[in-house]
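A short reminder: the numbers here are calculations on the coordinates, not readings from a lab. Only a predicted model underlies this, so the values are computations on that prediction, with no experimental measurement involved. Counting neighbours? That spans all protein chains shown, and the Cβs are built from the backbone with ideal geometry, glycine included.
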Amino acid sequence: MPLPIGDTIGILADNLALRKSVLPISASSATRWARGLNLPRGGETVIYTGQMYQLIPYITGMNKAQSMIEDSPLADFTRVGRFINRFINISSLMSMPESSMQGRFNSILVNMASLLKQAGVEFGYLYQDDLYSGALAYDLGVDDVLEEHAQKVYSNLKKHGVKNVITADPHTTNMLRSVFPLIVRGYDIKVKSYIEVLAERNICALRDLGSEVVIHDSCVYARYENMLGEQRTLLAKAGVNVREPVSTGEFTLCCGGPAESLYPKKAAAAAQRRVEELKAAGSDVITMCPICLVNLQKAAHGQINIEDISSYLARAYC
């Protein structure tokens, strides 16, 4: 049988309410990427990861476990799992991240910080207080838990004197810029993606990459944040010729990510459809969302090369 939707959502919601993340990870895992970068703690302007890139290795491990029990008698035990999870964080026991994958996704955040430094941006980092944004709870419609969590995030930012947030991914951008102002009274944090900040700073490329890539637009950036030109401008200045797949811009095709927590197999099928479109346009693809990156990489099975846009930008601008 399929995964019980109510209990699966319940586990995620319970985690967010009790542990401040739908999939709680240790502070050391969440902040490891910043070791050795000497980023100031807090300040008026901070880079905010929302733990999205750090969570991907854990989410991948969790999805493997979910795929194994989906459409099997074990799915019946999800309700029991939810009860136990209220007292013991069993979701972390099921995730089992690969250390090599953790290193790859942490390096993406290092690229972002290096790019911002190269652009002359002064910023800090909240370390263990860089909280998950609540994006999945928003997607799943767990409104009561989300409202409480949004207030925690906002109060935490105000406690540290933060006025400007530079986000690392589209989901955190959307939550902190477009969703939180609707549910947190008096919300006054200014939010921009690191890509927007780099474009506004008119950062100059140090080398011409002379390459060609197929761009996979984040549906969140494209449809909810009207962010389509900045990434293309930065790539063009770096000597990268951007090829567009059949479904692009506001009509970009979903990577399957929103369905992954409830329907792993359907999500994989959606990712496969998108990979076929991208593959038809070229062999090198860039994404700008950690969920898109991992879902498309899994579906591609090495048939095409898929990288985060920060990897290209770091090679050109740093």
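Remarks
- Between Glu98 and Glu277, the contour length at 0.36 nm per residue exceeds the alpha carbon distance by 61.6 nm.
- Distance between region 256-318 and region 107-144 - C-alpha centres, whole angstrom: 20
- Estimated FRET transfer efficiency when R0 is 22 angstrom, pair Glu44-Arg201 (beta carbons, to 0.05): 0.85
- For peptides 38-44, 251-257, sequence by mean Cβ density within 10 Å, most packed first: 251-257, 38-44
- Pairs exceeding 29 Å between alpha-carbon atoms, taken from Lys152/Lys192; Lys192/Lys237; Lys117/Lys266; Lys237/Lys266; Lys152/Lys265: Lys117/Lys266; Lys237/Lys266; Lys152/Lys265.
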